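Notes follow once the structure below has been shown.
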Amino acid sequence: MNEMTTAEVSAAEFSVIKSSLDAAVREMSVNLRRSAFSSIVREMRDFAVAIMDSKGEVVAQAECIPIMTAGLSLAFRAMDELGELDDLTEDDAFLMNDPYSGGQHLQDVYLFSPLFDSEGVHVGFAANTAHHVDLGGAHAGLTTNATELFQEGLRFPMSRFSVSRDFDAPAGFVRRFLAGNVRTPDAVLGDLRAQFAANNTAALRLREAIDKFSRDKVLSVMEQLKSYSDQRTRAAIERIPDGVYEAEDFFEYDEAERVRIAVAVRVEGSNLHIDFTGTDPQVKKPLNCPLASAVSAAQSAVRCMLDDPDIDFNEGCNRALSFNVPKGSVLNPNFPAPVRSRLTPASRVFNAIVKALGKAVPDRAVATGFDSSTAVSLSSLGADGKYQVVVELVGHGWGACSDHAGADGLDNPISNCANAPVEALELDYDHFEVDEYSLRRESAGSGEHRGGYGVRRIYRATHDGVQVTGYSDRQTTGPEGVFGGGAGAPGSHILEYADGRRERLPLMYELVLSEGDRIIIETGGGGGYGTAEESASTTQEDRALV
């Protein structure tokens, strides 16, 4: 571990070193995506990358998945607890996916690689996480009926290993263990190689920067970047009126029951404390949210509500924030509660905090988006004994704000996955085709600014035996508008048999399709902002009283 450096850095050097770090993480992102095998990483970009200092604090990251990027430092803490950070080599790496020690859900696999300068001095870590299309579990891609974590797939506590011995070598344990326990070994190993490629990019670029400017100057800039983000974050928080702002949101557990996410946001000067007391207890279904996901979603929501949108996101942004997340709640469950669908409660964390801070700064208030993790997995075991597995996240409508309508057909704000093009899917897989992909223009909440449109996406099985699993939310009640705006429409999942019969599916389901059967997914729209008749001259003070 390196000592703190206080090297003098000129303004010009600071700017160039910062830009080199930013460019390095963007290049990491591009290399990971272009090297990946699975559609969820290659097309949907369900991953995150960062460069961390030797203390494991993020200093630069690419614009990827917010809930993942915010969680990288939390995941690192499990590595720090191993006590194996003093004798690292370039052949070492750390792997983990444990939701109960800083991870998200099992499918998000973290890879950390130590970084060294040209003299062999340890200067930091390259870090990334990617969603793997299959890690075992009861069903391919998604497991929706799990009652404990062990049924959801392989669990890797933070572990150090030798890359040359355990992964690169044909008989390496990590390589053979993964290949022998997943349905799609080529995709899983291919995506993990892409993660290594991203970290190797960081190693090369950071070494180049140190060779050009010196180790002390680069490490000094890393520290200054965190301090600068801390200062700007605190300045933005100080512009929020002191007080306690409360809100709640819900996700649907079944047709008759909803689960409550409660939050109280306390603003005191430049500090912001988020308390989830009053949130419902953990549940039996895989709709629990591990602590790292809840904290990451909260960090993302706060950043969205600050009036300084250009703060570089690194560990400095989090110094002003503190949390109370009751143990045993749905946002901090006890092991081994299942967490596969953790993005659903995490999305309600985001929604509740945006609502709460909207009361404090009504000019930045935003209507609630559909913001549901609408996921579906389609898999098939071929005659050759090989699986085809696809996991899709279907977009929806975002909430409107004071300036414009809600965005149409996007993944939710803390997930931010890209659209998976129909053409790319049908080139890679032959067990289904997409019959329709369109906007639901009737789904948006009305208002001075309408909510965003949801989408309709229809999958048709091309042969018998296609396994489908899926989960969703907001099938009963759509997202709320704000300042008199209308609610967005709810969504639905429908099974349409080849003979035309239809059956509405529950929030979580597992089934097998015959040739010609179709899954029709309709996502909801976002809430509207203001009433349609509202004058453009309505003041901020008027809205604060609504």
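Applying the condition of being among the aliphatic types (A, V, I, L, M) and under 16 Å from VAL434 (Cα atoms) to the range 461-494 and asking which residue is most open to solvent (accessible area, probe 1.4 Å) yields ILE494. The single condition from (1) within 24 Å of TYR100 (Cα to Cα); (2) touching a Ser or Thr at 6+ places or on another chain (Cβ under 6 Å); (3) open to solvent by less than 10 Å² (accessible area, probe 1.4 Å) that SER347 fails is (2). Cβ-Cβ distance below 8 Å, separation of 6 or more or different chains: which pairs start in the range 424-440 with a residue that is at pLDDT below 95 and end on one that is in a strand (DSSP E or B) and open to solvent by 70 Å² or more (accessible area, probe 1.4 Å)? Pairs found: GLU426/GLU433.
Considering only residues in the range 148-179 that are surrounded by 15 or more Cβ atoms within 10 Å (Cβ to Cβ) and of a type in the set (Asp, Glu), the one that is farthest from LEU106 (Cα to Cα) turns out to be ASP166. Can you confirm whether PHE167 is of a type outside the set (Val, Ile, Thr), touching a Pro at 6+ places or on another chain (Cβ under 7 Å) and within 20 Å of ALA203 (Cβ to Cβ)? No: the conditions fail for PHE167. Please work out if ALA78 is of a type in the set (A, V, I, L, M, F, W, C), closer than 20 Å to ALA203 by Cβ and in contact (Cβ under 8 Å) with a residue 60 or more places away in the chain. When the stated conditions are applied, ALA78 does not pass them.
Take the conditions over 26 Å from the mean Cα position of the chain (by Cα), over 27 Å from ALA24 (Cα atoms), at pLDDT below 95 and assigned to a loop (DSSP other than H, G, I, E, B) and apply them to ALA138. Does it pass? Against the criterion (over 26 Å from the mean Cα position of the chain (by Cα), over 27 Å from ALA24 (Cα atoms), at pLDDT below 95 and assigned to a loop (DSSP other than H, G, I, E, B)), ALA138 does not qualify. Of all the listed residues (VAL174, VAL182, VAL221), the sole one being in contact with a Gly (Cβ under 7 Å, 6 or more places away or on another chain) and β-branched (Val, Ile, Thr) is VAL182. Note on the range 34-53: residues that are in contact with a helix residue (DSSP H, G or I) (Cβ under 6 Å, 6 or more places away or on another chain), under 22 Å from LEU206 (Cβ atoms) and part of a helix (DSSP H, G or I) total 1. Selection of first residues in the range 475-497 that are at positive phi and of second residues that are open to solvent by 10 Å² or more (accessible area, probe 1.4 Å) and among the hydrophobic types (A, V, I, L, M, F, W, C), restricted to Cβ pairs under 6 Å at least 6 apart or on distinct chains, gives the following pairs, ordered by first then second residue: PHE483/VAL546.
For the range 318-364, filtering for residues that are of a type in the set (A, V, I, L, M, F, W, C), in a helix (DSSP H, G or I) and either farther than 24 Å from GLN107 by Cα or free of Cβ contacts under 8 Å to residues at least 24 places away in the same chain (or both) leaves 6. Among the residues of the range 308-329, is any closer than 28 Å to GLY137 by Cβ and of a type in the set (A, V, I, L, M, F, W, C)? The answer is yes; a qualifying residue exists.
Tallying residues that are open to solvent by 10 Å² or more (accessible area, probe 1.4 Å), of a type outside the set (Gly, Ala, Ser) and assigned to a strand (DSSP E or B) within the range 92-113 yields 2. State which residue is farthest from TYR437 (Cα to Cα) when the search covers only the range 365-411 and only residues that are among the polar types (S, T, N, Q) and in a loop (DSSP other than H, G, I, E, B). Only one residue tops the list, namely SER402. The residue that is nearest to GLY269 (Cα to Cα), counting only those in the range 312-336 that are more than 17 Å from the chain's Cα centre (by Cα) and open to solvent by less than 10 Å² (accessible area, probe 1.4 Å), is ALA320. Kindly indicate whether VAL325 is over 21 Å from GLY488 (Cα atoms), modelled with pLDDT of 95 or more and β-branched (Val, Ile, Thr). When the stated conditions are applied, VAL325 passes them.
The values are calculated or read from the model by the stated rules, or taken from the named source; none is laboratory data. None of these values were measured; they are calculated from a predicted model. Methodologically, a virtual Cβ is constructed for each residue, glycine included, from the backbone with ideal geometry; neighbour enumeration extends over all protein chains shown. SASA here: full protein model, heavy atoms, side chains in, ligands and nucleic acids out. Shrake-Rupley method; radii C 1.70, N 1.55, O 1.52, S 1.80 Å.
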